[in-house]
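Below: the structure, in structure tokens.
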Amino acid sequence: MKKFILVFSAFAMFVCTSASAQVTVETAAPKEQPTFNDTVKTDDSKPEFSSIAQLKAERAAIRKERNTLEFNVGVNGSLSNFNSKWQAANGSVNSITGIANILFTHSFKKDKFSIDNKVTGKLGATSKSSTWTKSQDEWFISTAPAYKISDNWNFGAIISLRSQFANGEDDKDNRTSRFFAPGYFNVSVGFTYVCPKPKFPVKINLSPLSMNSTFVCSNTVRDVFFKKKWSAVTYDEYKANHELLSAEERNTPYCYGLTLENGTSRYEGGSSIQIDFDRTFGKKEIFRYRTTFYSFYGWINELTQQASKDKDLFESIVPTIRWEHTIDIKATKYFSTQFYFQMYYNKAQVNSLQTQIILGVGVSYTFKNK
């Protein structure tokens, strides 16, 4: 019996061992995370239209910073009217006066380079007894490129051109002026001092080398002045035979500083000085004062002439002076009063001081980009 139990136990152990060898324990494999393809493209850059708009805005800001613009236009006038009884008692005459003004300034600055441009114009007429006569007529264009060489000093040039719009006549209805008769062209090269104080915006230009030129491009105007100077000889007779006038007469100024030897233009070399001041007073810019002083000293031309005549080299050198003052007073945004005064001396034209004063009240409009 014991043997049987022992055999049975051995057989059971064998069966269990065999069975355990055939059992396989399976473990679950880790599941992979699903991946998805992202078809939406990401772009960190800004849309194209936004970049263009931003670029235009930046360029506009740069242009505004570098450029300063001002445009002013105005019309001033006055009216005087008297009835027949007043005219009979006092001898007064009815009159109407109108003056149109225009001012345009442009300044450009980039690094050390700058350029100032200016355009002005005045045209006025007066009516007396139904007859209109020109009272004011002038246009002026100037440009001044410069390069900054220190904090307050620039080196550059000033180029200007000046003439009138319409024809002018004297009291005998003789044509004494017209477009570019006369005309003035000036060029100066030198140094400009710019005051750093905003409350005293003065510019002083010192030009050791300058050129002044005068043009009278009208045969009619030259003929009128010729008749006033030499009544015994006509201009056509002189053109046919220059010997009808002596050498001294041919070199005598007769028409806006021109001589017969000059023909239609006269050139002078020398030095010049120009002082500019322009300031607006008050927060609302009610009061504005502008002045320009210009003086030309034609020592080069005079030295040549005097040397050829064997006279004292500095005998006839007289500077040319032009001094302008303009005061603008604004009553409202569109109504203003303007006072203008000019002093002019040019010995080659008239050996005396010339002055003019204009006071006008009217409407005006001003545009500024700053």
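Name every residue in segment 181-197 that is among the hydroxyl-bearing types (Ser, Thr, Tyr) and closer than 27 Å to residue 169 by Cβ, in order of residue number.
184
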### Task
Output the residue which, of all residues in segment 327-370 that are small (Gly, Ala, Ser) and part of a strand (DSSP E or B), is nearest to residue 102 (Cα to Cα).
364
### Task
Would you confirm whether any residue within segment 213-230 is among the polar types (S, T, N, Q), touching a Ser or Thr at 6+ places or on another chain (Cβ under 7 Å) and at pLDDT 85 or above?
yes
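Residue check: is residue 275 assigned to a strand (DSSP E or B) and aliphatic (A, V, I, L, M)? Don't jump to the end; show me each part of the working.
Values: assigned to a strand (DSSP E or B): yes; aliphatic (A, V, I, L, M): yes.
Answer is yes for this residue.
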#### Entry: Some residue of segment 77-89 being in contact (Cβ under 8 Å) with a residue 12 or more places away in the chain, closer than 24 Å to residue 328 by Cβ, under 18 Å from the mean Cα position of the chain (by Cα) and surrounded by fewer than 17 Cβ atoms within 10 Å (Cβ to Cβ)
no
### Query
If you go through segment 137-158 one residue at a time, do you hit one that is over 22 Å from residue 276 (Cα atoms), exposed (fewer than 14 other Cβ atoms within 10 Å of the Cβ) and not acidic (Asp, Glu)?
no
#### Entry: segment 312-370 - residue that is surrounded by 14 or more Cβ atoms within 10 Å (Cβ to Cβ) and among the small types (Gly, Ala, Ser) and, of those, nearest to the chain's Cα centre (by Cα)
364
### Message
So residue 177 ticks every box in (1) touching a Phe, Trp or Tyr at 6+ places or on another chain (Cβ under 8 Å); (2) closer than 19 Å to residue 253 by Cα; (3) not in a loop (DSSP other than H, G, I, E, B) but one. Which box is left unticked?
### Response
(1)
## Note on the structure
In segment 230-255, anything more than 42 Å from the chain's Cα centre (by Cα), assigned to a loop (DSSP other than H, G, I, E, B) and aromatic (Phe, Trp, Tyr) is listed as 230
### Every residue from segment 120-162 that is modelled with pLDDT under 85 and either of a type in the set (Phe, Trp, Tyr) or more than 30 Å from residue 84 (Cβ to Cβ) (or both)
132
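Just the residues that are in a strand (DSSP E or B) and either free of Cβ contacts under 8 Å to residues at least 12 places away in the same chain or of a type in the set (S, T, N, Q) (or both), please, taken from segment 316-326.
Going through segment 316-326, the residues in a strand (DSSP E or B) turn out to be 320-326.
Across segment 316-326, the qualifying residues are 320, 326.
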#### Entry: Criterion: modelled with pLDDT of 85 or more, among the aliphatic types (A, V, I, L, M) and either part of a strand (DSSP E or B) or more than 30 Å from residue 359 (Cα to Cα) (or both) - qualifying residue of 79, 55, 103
103
### Message
Any residue that is without any contact (Cβ under 8 Å) to a residue 12 or more places away in the chain and in contact with a strand residue (DSSP E or B) (Cβ under 8 Å, 6 or more places away or on another chain) - is there at least one of those in segment 264-271?
### Response
no
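The values are calculated or read from the model by the stated rules, or taken from the named source; none is laboratory data. This structure is a prediction, so every number in the text was calculated from the model and none was measured. Because the Cβ atoms are built from the backbone with ideal geometry, glycine has one as well, and the counts that use them run over all protein chains shown.
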